[in-house]
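Chemist: The structure that follows is given in the form of structure tokens.
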Amino acid sequence: MMFMPGANPAMLRDAGLYGADSLMFDLEDAVSIAEKDTARALVHFALKTFDYGDTETIVRINDLNTVGKLDIDAVVRAGVDVVRLPKTETAQDVIDADEVITEVEKACGREVGSTGIFAAIESAEGVLNALSIAKASPRVRGIALGAEDYVTNLKTQRAYGDNMQLYFAREMILHAARTAGVAAVDTVYSDVDNMDGFREEVAHIKTLGFDGKSVINPRQIPVVNEVYAPTEKEIQKAKEIVWAAREAEEKGLGVISVRGKMVDKPVIMRAERTIMLAKASGLIGEEDL
Amino acid sequence: MGREEVPFLPTGIGVIRNMELKQQAVAGTAESSDIMITIDPVGGDAVDISLDSSVEKAFGDRIREVIAETLKNLGVTGVKVTAVDKGALDCTVQARTIAAVYRAAGNAGEFDWKEIDAWNA
């Protein structure tokens, strides 16, 4: 998920060129208070004009108590895939946004429910309420950790390289996402010149189980794709498992074995995820299966 | 913001009426791919557009046309527009013009998308 300011016409135009899985146009923190109105207009026209292909479009709106409702009106009408809520603290925050989105969908003739919600969790309260937030609306596609505000709320600061600092928040968000069946996306890595540190953090959050990483610079995208892309060996093994599972299903068999090891449902699910990641990384196509 | 049908418009749709300009307003920047639009209410019925564009030779007429159409759709007259363009696409010219007009009318950011989207349908 690549973050980019909604106030910059050149970035909005070029956003689709970098190979991100999803693009997040920011109307919140990346836009000064004086330019909230102009950025709202730019993002509306960008969504209506540019063809971002299969890349998911997300807009981070402002708080509903400020100009968030105007943001929702502008982007839902323009066909955005997902609205990202900032600083989500309770399930009610999601329910309130859901109501505004529904109102706009009805007003512009868009299918009710077709706009997703991505909830950013950026405070201690949000972390403790992660599960109820993730389950607050069928629109919720995912939840994400916003670490900069979160550490400020905890009265500390980011300590890059320290994997324990965000451990609790990351685990809470992961467990909530998995329980609710939505995506879990990790926070940004702001030190864009430290590519080694970035790579380490991506490897860490992949091991924890996150579905992806938020990025703030196009240079970070290939690193995420590389770390998340399965190796040739992993893909081959996953293919064998998926093929064996298909064959077993056709023959009505239960437990099967691949390369002398027992394969049951969790193993098959992991293999299917490997195949999905390989496809997303462009390493295999449908014909390979 | 009152509205009424204006049948003589080529698109045949209604326009926002009474978009009364109250003050000078600016929207946009001088960065590449952007356009800075300054709106000055001057009274009367005239629409005067002055453009300084880095792509004048190829796109100057088109940019003036997009600004003029947008003002017409917004029902704005009695205006002097000063535009400094650095290679903005049509969608950016529209976004900046609309934002500047809404600012000049004292309704910054409260866009009527139903109406605006109908022009581009």
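Read-outs: derived from the displayed coordinates by stated rules, not from any lab. Bear in mind that the values here come from a model prediction, so they are computed numbers and not experimental data. Please note: Cβ atoms are built from the backbone with ideal geometry, for glycine as well, and neighbour counts cover all protein chains shown.
Chemist: Return the aspartates and glutamates within reach of B:K114: Cα separation strictly under 13 angstrom, same-chain partners fewer than 8 residues apart disregarded; answer none if there are no such residues.
Modeler: Reachable aspartates and glutamates: A:D73, A:E105.
Chemist: Same structure again: So what's the net charge close to A:G197: Lys and Arg +1, Asp and Glu -1, counting the other residues with Cβ under 12 Å from its Cβ?
Modeler: Neighbour charge sum, excluding A:G197 itself: -4.
Chemist: Answer rounded, prolate or oblate for segment A:12-84, using the Cα gyration tensor with square roots of eigenvalues a ≥ b ≥ c: rounded when a/c is under 1.5, else prolate when a/b is larger than b/c, else oblate.
Modeler: Prolate is the answer for segment A:12-84, as a/c is 1.5 or above and a/b outweighs b/c.
Chemist: Across segment A:232-288, how large is the tail of the calculated P(r) beyond 19 Å, expressed as a percent of all Cα pairs? Before the final figure, lay out each step's value.
Modeler: Numbers: 404 of 1596 pairs.
Result: 25 percent of Cα pairs exceed 19 Å.
Chemist: Here is a follow-up. Could you compute the net charge surrounding B:A95? Neighbours are other residues with a C-beta less than 11 Å from the C-beta of B:A95; K and R count +1, D and E count -1.
Modeler: 0
Chemist: For segment A:112-213, which trypsin sites (Lys or Arg not before Pro) are both in a DSSP coil and crowded by at most 13 other Cβ atoms within 10 Å?
Modeler: Listed in order of number, the matching sites are A:K155.
Chemist: For segment B:21-106, just the Cα set please: Rg and Dmax, both in angstrom.
Modeler: For segment B:21-106, the Cα-based Rg and Dmax read 11.6, 35 Å.
Chemist: Alpha carbon centre of segment A:210-289 versus segment A:55-121: separation in Å?
Modeler: Computed from Cα coordinates, the inter-centre distance equals 33 Å.
Chemist: What Kirkwood hydrodynamic radius, in Å, does the protein assembly as shown give when the mean of 1/r is taken over all pairs of distinct Cα atoms and then inverted?
Modeler: After inverting the mean inverse Cα-Cα distance, the result is 23.5 Å.
Chemist: Provide the convex hull volume over Cα atoms per residue for segment A:161-289, in Å³.
Modeler: Here the figure is 135 Å³ per residue.
Chemist: How many lysine pairs in segment B:21-106, separated by 8 or more positions in sequence or lying on different chains, have Cα atoms less than 20 Å apart?
Modeler: Taking segment B:21-106 as the scope, the lysine pair count is 4.
Chemist: Enumerate by residue number the trypsin sites (Lys or Arg not before Pro) in segment A:9-108 meeting two conditions: DSSP loop (anything except H, G, I, E, B), and at most 11 other Cβ atoms within 10 Å of the site's Cβ.
Modeler: Nothing satisfies the criteria.
Chemist: Assuming a strict under-29 Å limit between Cα atoms, what lysine pair count do you get for segment A:124-259 once near-sequence pairs (fewer than 8 apart, same chain) are dropped?
Modeler: Taking the Cα cut-off of 29 Å, the pair count is 14.
Chemist: Cross-link candidates for A:K36: which lysines have Cα within less than 19 Å, leaving aside residues fewer than 8 places away along the same chain?
Modeler: Reachable lysines: A:K48, A:K69, A:K87.
Chemist: Please state, rounded to one decimal and in Å, the Kirkwood hydrodynamic radius that segment A:2-228 gives when every pair of distinct Cα atoms enters the mean of 1/r. The partial results should precede the final answer.
Modeler: Working: mean 1/r = 0.0569 Å⁻¹.
Value: 17.6 Å, from the Cα pair sum.
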